[in-house]
Amino acid sequence: MATANLALTDPTVIEFDVRTDEMLVNMGPQHPSTHGVLRLVLRTDGEVISEVTPHLGYLHRCAEKIGENVTPIQFIPYTDRMDYLAGMNMNLGYSLAVEKLCGMKVHEKANVIRVIVAELNRIASHLVAMGTYGLDLGTFSPFLYAFREREMILDLFEEVCGARLTYSYLTIGGAHDDLPDGWVQRCQQFLDYLKPRIDEYHALLTNNAIFIKRTANIGICPKALAIAHGCSGPMLRGSLNRDQGDPDWDLRKLEPYCGYETYAFNAVIPPFTTAPPEAVIGDCWHRYYVRMVEVVESIKLVEQALAKYKTAQGSHRIEQPRHLPGGEAYVETECPRGQMGFYVVGRNTKDPVPLRVRARSSSFCNLSVTNSICRGCLIADVPAIVGSIDIVMGEIDR
């Protein structure tokens, strides 16, 4: 009793019942806020995180070794299953690597089609990132809004290739088929419908006071830390500062492919005039907001590509050589989660099967920074931080 009375007057006295012990807490691998079969081992002192160790490999499928036992055209469907939320972008990256190895030059029409569907898939991917991030933080409505628009994109994809998740549409030499009759007009109608919806997303989530409280000044990743861990995509761009002279760290700008250099768009880099006063560059809010602005930039890109398609020259696809030449090729593309790279080595003998196939996962590098940015946060902040990284475990484990 005397101790309790003393605790009320002397702040240096700590009662026994508020002392904490260090614990190891498992989060996952089956957990709604780990975005796949990811296991996080949290070392905690009460509610405070001192260490986070990601454990991978629950989804490993030997994708790269399979790529060394099949022809490149047969491996295209396996790339869909890496980042299964951005299958078109995965198809494109591997196709570009094989085309570089073979010295292939695709026609203008094929490149225009690639830009159209790759940017539509970027929009669909970022919509999923936005909706599921809302779920991580306890709100369900943004998820319904995001998937409403995503379904319309999947309808367009179904028209061009017959699939809604794993497409195998962007392939070596171009695109598997040309765009169907009337598809360009239907795509433009969708974009006209989507533009006003952006303000709804911001009203529901971006400007929500609870959302800002959960994400602003949380999980701060400084630029030096992001670069040291090989982060890329929105994970890196959310840590940059254009006012300090940081470059447009977007491969579509720095190392353009598929004719991106002929399109007018912006690499999305902070600071943002619409950022809440609590937000700090490099925090969860900025990583989320980079993706939301990228949706607007992708809409611009698709509209420009639709206009180019009407006058684009050449065919939608050329045939690849029967045999891969000796040598090696590596290509990185700007996928929704960052810089995804494919490395292909051809045999010195005439053989259609590559000697080596490797993939450089953007999500893997982005996830590696988890321990550094979670240290010192609360247990309840871990879903907010992991959700802001926007990982797909199929791409990490492969």
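Rolling a 1.4 Å probe over the protein heavy atoms of the chain, with every protein chain left in place, gives an accessible area that is 55 percent carbon and sulfur. More than 19 angstrom separation, counting every C-alpha pair in the stretch 300-389; what % is that? More than 19 Å apart: 67 percent of the Cα pairs in the stretch 300-389.
Max-minus-min Cα coordinates of the stretch 348-398 on each principal axis give 57, 16, 12 Å, with the largest extent listed first. Accessible surface computed residue by residue for the chain, with neighbouring protein chains in place and a 1.4 Å probe, gives 42 Å² per residue. Structural descriptor for the chain: relative contact order 26 percent, calculated from alpha carbon pairs under 8 angstrom and at least 6 residues apart. Placing +1 on the Cβ of every Lys and Arg and -1 on the Cβ of every Asp and Glu, with no other charges, gives the stretch 274-398 a dipole of roughly 620 debye about its Cα centre. In the structure shown, the pairs 65/253; 105/223; 65/223; 195/253; 65/100; 223/253 are assessed against 26 Å; a Cα-Cα span above that value is assigned to 65/253; 105/223; 65/223. Anyone know which of 91, 266, 348 comes out most mobile in the 10 Å Cα GNM of the chain? In the Gaussian network model the winner is 348. Every Cα-Cα pair of the chain was included, and the share exceeding 34 Å stands at 32 percent.
The 1.4 Å probe gives accessible areas that order 140, 211, largest first, as 140, 211. At q = 0.14, 0.15, 0.19, 0.21 Å⁻¹, what base-10 log of I(q)/I(0) does the Debye formula yield for the stretch 78-173 when every alpha carbon is treated as an equal point scatterer in vacuo? Normalising to I(0) and taking log10 leaves -0.55, -0.61, -0.88, -1.01. Each other residue within a Cβ distance under 12 Å of residue 397 adds +1 if Lys or Arg and -1 if Asp or Glu, for a net charge of +1.
Calculated [222 nm] ellipticity per residue, helices only, for the chain: -13500 deg cm²/dmol; basis is -39500 (n - 2.57) per DSSP H run with n ≥ 4, divided by all residues, nearest 500. Report the normalised scattering of the stretch 104-239 as log10 I(q)/I(0) at q = 0.13 Å⁻¹, calculated by the Debye formula with identical scatterers on the alpha carbons. Debye output, listed in q order: -0.73. The H on the amide N of residue 39, modeled in the peptide plane, is under 5 Å from the matching H of 55, each at least 5 residues off or on a different chain. Couplings 3J(HN,Hα) of the stretch 274-283, computed from phi: 8, 5, x, x, 6, 6, 10, 4, x, 8 Hz, in residue order, whole Hz [Karplus 6.51 cos²θ - 1.76 cosθ + 1.60, θ = phi - 60°; x for Gly and Pro]. For the stretch 143-207, taking Cα atoms only, Rg and Dmax work out to 14.3, 44 Å respectively. Reported to the nearest whole Å, the Cα centre-to-centre distance from the stretch 324-387 to the stretch 187-254 is 20.
Judged by the mean number of other Cβ atoms found within 10 Å, the most tightly packed of the peptides 274-285, 328-339 leads the ranking 328-339, 274-285.
The values are calculated or read from the model by the stated rules, or taken from the named source; none is laboratory data. Remember, predicted model here, so these are calculated numbers, not experimental data. No Cβ is skipped: glycine too gets one built from the backbone with ideal geometry, and neighbour counts run over all protein chains shown. The accessibility values were calculated without ligands, DNA or RNA, using every heavy atom of the protein model including side chains. Shrake-Rupley method; radii C 1.70, N 1.55, O 1.52, S 1.80 Å.
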